[in-house]
Every structure is written in structure tokens, then in C-alpha cells.
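Only one structure is covered here, and it is reproduced in the block below.
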Amino acid sequence: MALSSMTGFARGHGVAGAYAWSWEIKSVNAKGLDLRLRLPPGWDAVEVPTRKRASDELARGTVYANLSVERKGVSATVKVNEQVLAAVLAMIKGLTGKIDATPASLDGILGLKGVMEITEEDESEDARRAAEAAVVAGFDKALADLAAMRREEGATLGRLLLARLDEIATLASRAEKAPGRKPEAIKARLAEQVANLLAASQRFDSDRLHQEAIMLAAKADIREELDRLASHVAQAQKLIADGGPVGRRLDFLAQELHRESNTLTAKANDVELTNIGLALKTVVEQFREQVQNLE
């Protein structure tokens, strides 16, 4: 199964009888799936099927779906509401002579709310159901286009993430081979520091200092961090190869990689290991940022 990003965009439009419709769908990053529909008044019937289709197709992302519908080629009927007109004229007649005002004009009277009504030709139930079915089918097509765009971007992200993982593995290998991490080198540096302290003052307990040196040498060993880095890299590579909605699991591994790189840098006891640790932290952060876009 292919990887997918959480960002994408798609449009779709069509005609069903007297109805012209169009969909515009876009998605952005989110922790879960959140479909935000904007439907014209009277088109609530398409909400349930579109939500189901979105949840079947997508696993994560905030999805904004806007539907526009226009009814074309329908003749309009104009008629005057006689009751409202009679009431308005009676009111005007009753006020004549009481208010110093310009006499009411015909267009002014007809422009009053409720006096003139414009109605469209009644639609049939079958035509409306056919239009709703076409709108839902149009959503399916636009959703498929959105998913295809997300998969295309996901493939690019997958290549970038694998490249970052290769960099992490290379840096870990450099740390593994660094002369400064060898126990002999660590002990030699600590022994030199102990010797300098003993030469500076006779008040130090040499046996205690050597014990402390051995403990510090053990703490400075980065073997566990290197093993965990290798394990996390292997797991991440497998998840990317398997594909599907693996963004959350990769995000967890990114956090673990971040933790191990921090610990390795903190334990670094020479310039080379420190530089490797800092480079490792940079690459892990790049990996973590790119993972945020995956479904």
C-alpha cells in the first residue's frame, strides 16, 4: 500500500437535469480525520453519504469540502400578493393628509417586502433525487482525485524520509567507529585527568578517584544509544516500505530517534562525537518535520 500525505486539492463539476454543481475539496494536516462540509440550503441529503465516502477513503487530515449548486433553465413566475397589496394600499390611504410626504409610486409599492413574489417552476421529486445522486457521484470522483494527489505527494515524502534515515544510519556508523568512544580512549582521558588532579594536590583519595573514573567511563559509553538508533531506523524503514496510514507510528519513532540523538550528544566526550551528535539531531528534526505531513 502506498504512503499518502495529508495535503491535497481537487475540483469536480457537472450537470444533472436543471442543476449545475461543483465540488472543491482540499485537505491539510490533522491528528485525525475531520471532514468539514459546506452545503447549500436544502442539500442536507448528500451529507451522510459524502461523510461515509470520506471516512472510507481517508484516514487522517482536515478536509474542507464545498458544494455549489445552481438551478438553470427554469422559468420564473412573478405574481402579486393581493392581500398584502390591499393592506399596503389601505395603510397609504389612511395616512394620506396626515403625513407631509411625496405620494407613493408604483415601483415603490411593488418593492415592499411580500407585495411581489418571484417563484421558480416546481421541481419533481425524481429530478431532485437524480441531482443528489449526481452530486454524490461527483464527490466520489473529486475525492478520488484528492486521494491520488495525496498518494503522489506521499511517494515523494517516502523517498525523502528514506534518505533522512540513511543519513541517520551513516552518522550512527561514524559514531560507532569514532576513536573517542572506545573504552580505552575514555579510560585514558579519565586517567590523565586523575593524574593531573593528584599532581595538583595530595588531598585526593586515589582509589576513590579511580572508582569514579570507571563509573564515568561506563556512563560515557553510547553502545545502547547506537543499538536503539539502529532498531528505530530499521522499524521506520519497514513502515515506509509497507505503506498505508503509518504517519502516527512514524511520528512516535521520530520522537524516539530524537531522544536517542539527544542522549548521544550529551554523552559525547570529544569534539568528533559532539559534532556527530549535533548533525544527528539536525537530520532527526528534518525527519520529524517531514513525518508530520504523512497520513
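Here, each number is a calculation from the coordinates, and none is a lab measurement. Worth saying up front: this structure is predicted, and the values here are computed from it rather than measured.
Quick look at the numbers
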{"item": "Derived scalar couplings ³J(HN,Hα) [segment 132-145; Karplus, 6.51 cos²θ - 1.76 cosθ + 1.60; whole Hz; x for Gly, Pro]", "result": "5, 5, 5, 5, 5, 5, x, 5, 4, 5, 5, 5, 5, 5"}
{"item": "Segment 1-156: antiparallel DSSP beta bridges as a percent of all, rounded to 5", "result": "75 percent"}
{"item": "Amide H partners (placed H, <5 Å) of Glu123, local residues excluded", "result": "none"}
{"item": "J(HN,Hα) series, segment 229-244, from Karplus relation 6.51 cos²θ - 1.76 cosθ + 1.60, nearest Hz, glycine and proline x", "result": "4, 4, 5, 5, 4, 4, 5, 5, 4, 5, 4, 5, 5, 5, x, x"}
{"item": "Distant-in-sequence amide H partners of Asn81 (H built 1.01 Å from N, under 5 Å)", "result": "Met116, Glu117"}
{"item": "Vicinal HN-Hα couplings computed from phi for segment 273-286 (Karplus, 6.51 cos²θ - 1.76 cosθ + 1.60; Hz; Gly/Pro x)", "result": "5, 4, 5, 5, x, 5, 5, 4, 4, 5, 5, 4, 5, 5"}
{"item": "Rounded to 5, the percent of DSSP beta bridges in segment 1-78 classed as antiparallel", "result": "75 percent"}
{"item": "Nonlocal amide H pairs with Leu35, under 5 Å, H built at 1.01 Å", "result": "Val63"}
